[in-house]
Amino acid sequence: MGEEVERQLSPEEENQSIRDIDVGDTFYYLVTQSLQQMWLLIVKLTVECFSFFSHVHSQSSDSCNSPLNLPNPPRFETSSLNCVIVWSAQSFILRYVQASPNVWNFILSVPNTNAYIAIGFSPDGNMVGSRAIVGWVGADGMADIRKYYLGGRTPDLVRLESPDQGLQVVNSSMIVRSNHIYMAFQLISDRPSTRLVYAVGPEGRLPSRPNFQLSEHRDMVSTTLNYATGQFQTKQSQQASLLRSHGLLNMFGWAILMPIGAMVARYMRKWDPIWYYSHAMIQSFAFILGFVGVICGLVLENRIDASVTKHKGIGIFILILGCLQVIAYVARPEKTSNSRKYWNWYHSNVGRTLIFFAAINVFYGIHLGNAGSGWNAGFAVFLVIIFVITLILELRIMCLKK
């Protein structure tokens, strides 16, 4: 065994070691500060979520187990009503009973969100062709109930009916109790349709004089109710399912997986070739999801005849950028080629542009679809986390270059 000799560091090596320690300390400080900021953000979001769920819980104070004690009772008997939670997502509760051979009593209770509520009696389970009873309570406390014929999918095809048209409704009233509204009415019918459609309008956009035109609903559901047993089945609207698929596919494809794939390409290059195959697989999967999402959007636009020109234009632009990235991948030059640096610049900047417009279009799509603040908050949290991680890694790269 030879004798082990300790090697002395040269002055240049000692300086390099000191620089490495300084860089490590700086990076540790930046990471610590960033984690502290992320912890404060998580605590704040937790408090906001707790407040939100407390608000939702307070909205759902009415139930089939609680007595129906209304300040201004309807103009009919309410002691023997059957009770069914017909739409749990919107806390819609329907109470009903057959008062006589051709008279039915109905009370629909809903949290008051400053939006109209509607119950439609449909011949086939679809909203189009239904006759609906719509009620609302304004900010000034003034309430109203109107009858409508739903002749199409757009507001201009929804027709206000006079008292002697359509459904024979008597003794109708709107009652406010705490944070709930109760739409009560009697329906003159031997046997009401068992296929009932429920809808809730956009917040703050109530029908008004002179024509009381309805804005497009924020959400709806179609059900089949057995009046004898109280059992019901929910029919998922094809349009609602298509809308949800369109939103989720585009969000996960263009706006979630694409940024993650881009980060893999930028910050994992020391793990070659793992980073390359990971980047290619993530981006390919993201492109497929986004492509299918765009197709769903085009089909949905054709079915509901929606006017979403800006949203559609941005979506097609994103799809074109995605196709250009696929073409660029196929036509990429060799690493030793002089044109490789131009290709790298093109590939990275087209990708950044795609991600930027995808994030904007996701927020815009959430707004158009009236998906609610929860989706906005969730997507915003993801973007904040991605931004913080990117900032930390960029600072690390800057420190290591010094």
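Report, by residue number, each residue of segment 201-215 that is farther than 15 Å from S130 by Cα and in contact (Cβ under 8 Å) with a residue 12 or more places away in the chain.
Listed by number, the residues that qualify are G201, P202, E203, G204, R205, L206, P207, N211, F212, Q213, S215.
Which condition does M281 not pass, out of (1) crowded, with 18+ Cβ neighbours inside 10 Å; (2) more than 30 Å from L157 (Cα to Cα); (3) not charged (D, E, K, R), if it passes all the others?
(1)
Quick one: which of G141, G151, G166 is touching a strand residue (DSSP E or B) at 6+ places or on another chain (Cβ under 8 Å) and at pLDDT below 90?
G141
In segment 309-345, what count of residues is obtained for those that are closer than 20 Å to L242 by Cβ, touching a residue at least 40 places away in the same chain (Cβ under 8 Å) and in contact with a Gly (Cβ under 8 Å, 6 or more places away or on another chain)?
Summing the residues that are closer than 20 Å to L242 by Cβ, touching a residue at least 40 places away in the same chain (Cβ under 8 Å) and in contact with a Gly (Cβ under 8 Å, 6 or more places away or on another chain) in segment 309-345 gives 3.
Would you confirm whether any residue within segment 87-94 is open to solvent by 40 Å² or more (accessible area, probe 1.4 Å), out of contact with any strand residue (DSSP E or B) (no Cβ under 9 Å at 6 or more places or on another chain) and not hydroxyl-bearing (S, T, Y)?
no
Those residues that are assigned to a loop (DSSP other than H, G, I, E, B) and not hydroxyl-bearing (S, T, Y), I need them from segment 234-249; list them, please.
Residues of segment 234-249 that are assigned to a loop (DSSP other than H, G, I, E, B), as a first pass: 236-237.
The one that is assigned to a loop (DSSP other than H, G, I, E, B) and not hydroxyl-bearing (S, T, Y): Q236.
If A255 meets every condition in (1) open to solvent by less than 60 Å² (accessible area, probe 1.4 Å); (2) outside any loop (DSSP other than H, G, I, E, B); (3) modelled with pLDDT under 90 apart from one, which number is that one?
Here A255 meets the rest and fails (3).
Pairs needed: first member in segment 178-195, farther than 14 Å from A118 by Cβ; second member anywhere, of a type in the set (S, T, Y) and open to solvent by 10 Å² or more (accessible area, probe 1.4 Å); C-beta distance under 6 Å; at least 6 residues apart or different chains.
A184/S173; T194/T224; R195/T224
Take the residues in segment 56-108 that are closer than 20 Å to L167 by Cβ and hydroxyl-bearing (S, T, Y), then tell me which one is modelled with the lowest pLDDT.
Among those that are closer than 20 Å to L167 by Cβ and hydroxyl-bearing (S, T, Y), it is S100.
The values are calculated or read from the model by the stated rules, or taken from the named source; none is laboratory data. All values derive from a computational prediction rather than experimental measurement. Backbone-built Cβ (ideal geometry, glycine too); neighbour counts: all protein chains shown. Just the protein is used for accessible areas: all its heavy atoms, side chains included, with ligands, DNA and RNA removed. Shrake-Rupley method; radii C 1.70, N 1.55, O 1.52, S 1.80 Å.
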